[in-house]
Amino acid sequence: MAKIKLTKGELKRQRDALAQYQRYLPTLQLKKQQLQLEILQQDNLLIDRERSLAKKKEQAGIWAGLLSGPIDLGPWIKPVRIVSSIKNVAGVDISIFEKVEFDVAEYDLFVVPLWVDFAIEALHTLVSLKNEIMLIKEGINVLRQELRITTQRVNLFEKVKIPETEEAIRLIKVYIGDQMANAVGRSKIAKRKIEEVAFAGAAV
């Protein structure tokens with residue numbers, strides 16, 4: 001604890017600081033809880049999307065050999081735009097996946113095999129899932145970083161600032177109390193001496 005002044009002015013300053021810490025701490029604790037809850041929800045969402053991706057890849061393995069033919073699906077499965085929205089969690093913004101936009105696949109239906117439509121749709125799903133997983137991971141990283149900072153602040157208030165301030169207030173109050181007791185004692189001694197002098201003078 002830093003050295004404190006044992007004065008009434010310092011006592012007021014410490015009391016004001018304690019009130020501020022006690023008012024701010026619940027807000028930090030609530031933010032910590034909200035971040036923890038959102039991280040849990042995003043972790044569960046990530047697990048779900050990764051399972052979906054693994055399942056889609058497994059299903060694609062059945063017909064993936066067809067892609068080795070002369071037809072290049074690349075231009076039709078390359079994302080044109082990734083659409084996302086912003087979600088605010090306890091003052092922290094994270095990106096929420098909405099969809100992936102692709103160029104419209106235009107080809108001659110009489111020339112291109114029927115399985116191409118199915119393959120393009122399946123590949124769109126795979127690409128969308130991969131991009132969603134990427135955004136979820138980015139969001140979780142942002143939330144965990146903010147949770148780390150918030151937890152540090154909660155610990156600082158709970159374990160350092162509030163106990164230090166309470167101890168400072170206790171020390172100042174003890175000191176002021178002692179000073180007041182000493183002042184009263186000195187006042188009584190002075191009063192008694194005055195009375196003794198007055199009594200002695202009256203006796204003469």
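The values are calculated or read from the model by the stated rules, or taken from the named source; none is laboratory data. Quick caveat: nothing in here was measured; it's all calculated off a predicted structure. No Cβ is skipped: glycine too gets one built from the backbone with ideal geometry, and neighbour counts run over all protein chains shown.
The table that follows gives values for the structure above.
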| item | result |
| --- | --- |
| Given (1) closer than 30 Å to Lys99 by Cα; (2) modelled with pLDDT under 95, index of the condition Ile133 fails | (2) |
| Close pairs (9 angstrom Cβ cut-off, 6 or more residues apart or separate chains): more than 14 Å from Pro26 (Cα to Cα) in the stretch 152-172, of a type in the set (Lys, Arg) anywhere | Thr165/Arg15; Ile169/Arg15; Ile172/Lys5; Ile172/Lys8 |
| Pick from the stretch 52-77, criterion surrounded by 11 or more Cβ atoms within 10 Å (Cβ to Cβ) and charged (D, E, K, R), ranking: modelled with the highest pLDDT | Lys55 |
| Search result, residues across the stretch 29-56 that are among the hydrophobic types (A, V, I, L, M, F, W, C) and more than 19 Å from Ile140 (Cα to Cα) | Ala54 |
